[in-house]
Each structure stands twice: as structure tokens, then as C-alpha cells.
1. Scan the stretch 130-146 residue by residue and report those that are open to solvent by 80 Å² or more (accessible area, probe 1.4 Å) and either out of contact with any helix residue (DSSP H, G or I) (no Cβ under 6 Å at 6 or more places or on another chain) or hydroxyl-bearing (S, T, Y) (or both).
2. Being touching a strand residue (DSSP E or B) at 6+ places or on another chain (Cβ under 6 Å) and either open to solvent by less than 20 Å² (accessible area, probe 1.4 Å) or in a helix (DSSP H, G or I) (or both) is the requirement here; does H97 meet it?
3. Could you tell me which residue of the stretch 246-276 is modelled with the lowest pLDDT, considering only residues that are among the acidic types (D, E) and surrounded by 15 or more Cβ atoms within 10 Å (Cβ to Cβ)?
4. Across the stretch 187-204, what is the total count of residues that are over 13 Å from the mean Cα position of the chain (by Cα) and on the phi < 0 side of the Ramachandran plot?
5. Only residues that are touching a Ser or Thr at 6+ places or on another chain (Cβ under 6 Å), under 15 Å from L140 (Cβ atoms) and touching a residue at least 40 places away in the same chain (Cβ under 8 Å): list them for the stretch 59-101, please.
Amino acid sequence: MTSRRNFLQTSLLTGIGLTLTQTNLFAALLQQDLPYNMTMLRNNVGYFTEKGGTIAYMISKSGICIVDTQFPEQSEHLIAAVKKQSDRNIDLLVNTHHHGDHTSGNIAFKGLINQLVAHENSKSNQMRVAKENGTERAQLYPDTVFQKEWKTKVGDETISLQYHGAAHTDGDALVHFENANIVHAGDLVFNRRFPYIDKSAGASVQNWIEVLEKATTSYDKDTKFIFGHSDNGYEVVGNIEDIKEFQRYLSKLLETVRSAIKLGKSEEEIMKITSISGADQWKGDGISRSLSAAYLELANK
């Protein structure tokens, strides 16, 4: 279907005799037909969205870096788009954490990358989950891990990774493109969307709040953040104020569940809560997974 669509598009452009400038404009309109979106931010760094967690990319003549991989089909789309701009090997692939909507596409990069990096807990979690699911053959694991900080040069860009402790999982990394001043926060930030809090992988709501505090003080007002997910009507790119709002959500979540426990409410009763007071921007489905995780943490279960 895609090949036929491309053939029809090419034939149409040729048939109507557009000039080069007109062709570029018309091709941009046809780009809307693609199943994915690629948006450039600055200094050759942009983001890719299709299905799963947001992917960050840097593509230049002197280096290529990809952060997260969604699923195999989506990674193949990204790889094809990258190859249209450069035929060099991908210098660096980074996983912000282990979840399948961020790492299942790793396998599509086999033989195409020079290095795959993640936090040591992220790799351990990838291997554990793959073993539990019987999907070891469908994985491409990191060949390089770090504990607290890791830094390298890719072309003219300096890329640094920081780990501040358990949060969404026990292996979430912040990935900073230093020259561009863009940070891929992975699932450390859900923009106005109820987060998944993976207690099975060592998540901590309380420490997540502290991790976000370090993020707001480690970068500046000009830093652009790429978030792992956003709710409908909200962007996957934002600033420190968006991080503070998500930090507020997590704080209010704990306050809400802690107060309910003190009032003697059962887990079943707590799960009937429909909104988090003081964090009204978080609406819709998904609140139950936040309530459940917070209850487990506060009740020490």
C-alpha cells in the first residue's frame, strides 16, 4: 500500500509539472499521509512520534543519535527516514528505561548502531521482563551501562545521561543534548496524563518528586524537554514549568491517598477516587493506576 501511494504521489507531481519549489511544498503536504511525525527542534535535534513513547533524534553530517525506539515497525519507519538524510551508521542509541513501548524497537537497529546505552537497572529490567515473557530472541540489549552519569561526543554534540534514583522505574535516565540544550526525559514526565508507576520495577512516587526537583535545578529556563507521553491536547515538548506541574501532581497524589488512609479508608474505597485535588489538569481515564501505586507505597505493601 505504501509503495503504491508513493508511486501515485510521484506520478502526480510529475504529471502536473510543478516547479522545484512547488514540488517541495506539495511534497510537504503529502508528508501528512505518513503514519508518523518528525519535528525538528534545534541544532539538528528533534522528536519522532507514532506509537509508544516519544523518540528523540539528532541527525547531522558528523553523527547520529537516537533515544528510545518504540516498536519494531515504528523503528523501521524512523530508520528509513534517517537513511534518507545520511548513510552513516548510527553512532549512539540510548534507552531512557526498559518499558516495551520505548525499547521493543531496539531489535530493528541490530547491525546499524555503534553503541547502545542505558542505566544498569534498565538493562536488568529489560532482561528480566523478556525472560518472563519468553521474548529474549526479540530483544537487543544495551552493550554499555552506567550508574550515575555518562557522557560522550556524537559529532559536534555532547550527550550526557544522568540518573537520580528510583522514580517511574528504578532505571530512568535523563538524556541531555548539551549544545542544543534539549533533554529527553522519557517517562519521568507524563504531560497532563495519568502516569504509569511501575512498582514491579522499583518505582517510587516520593523519590520521583525528588528526581524531578533535581531536573528543575539541573537545567535552565531555555531547556526544551521532550516528554515520554502527553494527554490529548497537550504537547510532548515543554519546559521546566511543565515539569513542576507534573511534580505537583505526584505530590497531590500522595497527599490525597495519605489522607484517605488516615481516615481509615480501604484500598477499595481509595480506588473509587475520581480526581486529585490541586492537580485538576489531570483528567480522564487512568487515575486508578496512580491511586493503586500510591496506596501500595504508603501502605508499605
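1. Answer for the stretch 130-146, where residues must be open to solvent by 80 Å² or more (accessible area, probe 1.4 Å) and either out of contact with any helix residue (DSSP H, G or I) (no Cβ under 6 Å at 6 or more places or on another chain) or hydroxyl-bearing (S, T, Y) (or both): K131, E132, N133, R137, D143.
2. Yes, satisfied.
3. As a first pass, look at the stretch 246-276 and keep what is among the acidic types (D, E): 255, 267-269.
If we keep only those that are surrounded by 15 or more Cβ atoms within 10 Å (Cβ to Cβ) too, we end up with 255, 267.
Numbers: E255: 98, E267: 95.
Residue satisfying both the conditions and the ranking: E267.
4. The total comes to 9.
5. Selection gives D68, T69, N95, H98.
Condition check ((1) within 19 Å of N106 (Cβ to Cβ); (2) free of Cβ contacts under 8 Å to residues at least 12 places away in the same chain; (3) in a loop (DSSP other than H, G, I, E, B)) across all residues:
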| residue | (1), (2), (3) |
| --- | --- |
| L140 | yes, no, yes |
| D170 | no, no, yes |
| A185 | no, no, no |
| V211 | no, no, no |
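Results for (1) under 12 Å from V205 (Cα atoms); (2) free of Cβ contacts under 8 Å to residues at least 40 places away in the same chain, shown as yes or no for each residue.
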position	(1), (2)
L253	yes, no
I261	no, yes
K265	no, yes
I276	no, yes
I287	no, no
A294	yes, no
L298	yes, no
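The values are calculated or read from the model by the stated rules, or taken from the named source; none is laboratory data. Given the structure is predicted, the values throughout are model-derived calculations rather than measurements. Every residue, glycine as well, gets a Cβ built from its backbone with ideal geometry; the counts of neighbours run over all protein chains shown. To get the accessible areas, we keep the full protein, side chains included, count just its heavy atoms, and leave off ligands, DNA and RNA. Shrake-Rupley method; radii C 1.70, N 1.55, O 1.52, S 1.80 Å.
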